[in-house]
Amino acid sequence: MEKYEPVVITGIGIVSSIGHNISSFINSLKNGYVNVTQLPNINENFTYPRIGAYVKDFNYKEVLQRYKEEETLIVQQALRTTLRSTPAIGMTTTACIEAWNMAGCTSKPVQANRKGIIVAGNNLMDEMQYSTYEQFKDKPNYISPSYCLQFMDTQYLGILSELFNIKGVGFTTGGASASGNVAIIQALWLLRTKQVDCCMVVGPAAGFSPMTLQSLHNIGAIGGKTLRNEAQKACRPFDKAHEGFIYGQAGACMILENIECAKERKVPILGRIIGSGQMLHASRASEPSEEAEITVMKKAIEEAQINVNDIDYINTHGTSTPLGDITEIKAIKNIMGDHCKNVWINSTKGLVGHCMYSAGIVEAISTILQIKYAFLHPNLNLENPIDEEMRWVGSTARAEEIKVGLSNSFGFNGINTSIILERA
């Protein structure tokens, strides 16, 4: 197999339920902080559990002020271009500014037509469309002309490309719960084929409507049915009492570059992405495929040109759904064999919930932080593991030197992805 030049990570940013920036996010990971809460049932006709890892106490304008001196123009334009946008766009834009600033893209710029952007996800404006329809029913003639732009997923693309003067390749890519990893993998190809030198990969904060949440509940995907009054305990990846995923909110961003661009700009490198795997298992349903999960992990390992024994850590898809958790563990055991006893395993979703379209990016950020700062965050609520043979991190964080980590993301409609990250 062809040996690819490394793609490096030079900037990361996040706004999540457990931290509104990278610094607070790291502290929450180390301390095993979870912020899943119960919300009031605003409509008694909705029967889905009203719990989630929502972003709270986030003031977009106040947060942006910390960049005022070094990023004055970007902050001013951000406030102007997102003035009437949704809270999710504010969260996501803030994460992008943090990553952009960390990568030094203002002080050491990349040529505009050599910068790319990929936005992960589909149906990104679900909540806004739902609320707009309620107004539309009463006064259809007064719908805002700007709605025809706002309801499209490409609104993120337009806002962010304008804000950061990105004039190279850009698009949105939907991959259900695997959207984040799909976007990262597409960015790898853009960089490897020299279409761009630097690529912003964006995971928008999902805003689901009550209609969507009710449908996910009806299909049996959402947890919290038994533990809705103990919200902090409801997200239980790989525990025998798991019932389904807990909805999480997070805007996340990574700046990826080819190695030549990063060296020329003389910017610090946080880590490297060295392998990826992606495939469908030809299904229109929600059920996972053990065979496909095995295949994408194998593909990622082969592309990285490493051995199974080189993998120190796996950040699992680990949604807390019974079938999903069981299938993933079977696939990991098939791939790792006897090396299972040496591979540390956790699930970032146990702390932040399932962040949907941004999940793969949130978990890639979590993985690279754990590698860079030599720790592993805990598996909260893992009291009775579904498999005692795995090397679970446990209920508290661990100090561990990790060189290579693998991160899985799987989605409805047969979408399977895996990426491999390495210490810089």
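The computed P(r) over Cα pairs in 10 Å bins from 0, in percent for the structure shown corresponds, within (1) 4, 15, 19, 16, 12, 10, 8, 7, 5, 3, 1, 0, 0, 0; (2) 4, 19, 29, 26, 13, 6, 2, 0, 0; (3) 5, 24, 34, 25, 10, 1, 0, to (3).
Label positions at Asn43 and Asn384, each projected 7 Å from the Cα along the C-beta direction, are separated by 3.7 nm.
Rounded to the nearest 20, the size of the Cβ-charge dipole of the chain about its Cα centre is 800 debye, with Lys and Arg at +1 and Asp and Glu at -1. Only helices enter this figure: runs of n ≥ 4 DSSP H residues, each worth -39500 (n - 2.57), summed and divided by the residues of the chain, yield -10500 deg cm²/dmol at 222 nm to the nearest 500.
In region 7-271, with Lys and Arg counted as +1 and Asp and Glu as -1 at Cβ, which of these residues, Ile143, Phe245, Trp189, has the Cα nearest the positive end of the dipole, that is, farthest along it? Towards the positive end, the residue furthest out is Trp189.
In a simple Cβ point-charge model (Lys, Arg +1; Asp, Glu -1; nothing else charged), region 274-423 has a dipole of about 320 debye relative to its Cα centre. Between Asp338 and Arg398, the simple label model (points 7 Å from Cα in the Cβ direction) yields a spacing of 2.0 nm. Between Asn35, Pro49, Asn101, the Cα set farthest toward the positive side of the dipole of the chain (charges on each charged residue's Cβ, about the Cα centre) is that of Asn101.
Shown for Phe151, Phe58: other C-beta atoms within 10 Å of each C-beta, ranked fewest to most, produce the order Phe151, Phe58. Simple rule: put +1 on each Lys or Arg Cβ and -1 on each Asp or Glu Cβ in the chain, find the dipole, and look at Ile18, Gln370, Cys198; the Cα lying farthest toward the positive end is Cys198. Restricting the GluC sites (Glu not before Pro) of region 15-119 to loop positions (DSSP other than H, G, I, E, B) with no more than 11 neighbouring Cβ atoms within 10 Å leaves Glu44, Glu69, Glu70.
Separation of region 218-246 from region 148-182 is 31 Å, based on Cα centroids.
Working from the pairwise distances between different alpha carbons, so that the mean of 1/r is found and then inverted, what is region 274-423's Kirkwood radius in Å?
By the Kirkwood definition, the hydrodynamic radius is 15.1 Å.
Straight-line reach from Lys372: taking Cα to Cα under 16 Å and skipping same-chain neighbours fewer than 8 places apart, the lysines in range are Lys30, Lys403.
Note on region 365-410 and region 1-42: Cα centroid distance 14 Å, given to the nearest whole angstrom. Which of the lysines could be linked to Lys108 by a straight reach, that is with a Cα gap under 20 Å, when you skip same-chain ones fewer than 8 residues away? List returned: Lys68, Lys167, Lys194, Lys263, Lys266. Percent of C-alpha pairs per 5 Å bin in region 1-129, short distances first: 2, 8, 14, 18, 19, 15, 11, 6, 4, 2, 1, 0.
Bridging of Lys330 to lysines at a Cα separation below 22 Å is possible for Lys240, Lys298, Lys299, Lys341, Lys349, once same-chain residues fewer than 8 apart are set aside.
Here, each number is a calculation from the coordinates, and none is a lab measurement. What you are looking at is a predicted structure, and each value in this text was computed from that prediction instead of being measured. Note that we place each Cβ from the backbone using ideal geometry, even for glycine, and neighbour counts take in every protein chain shown.
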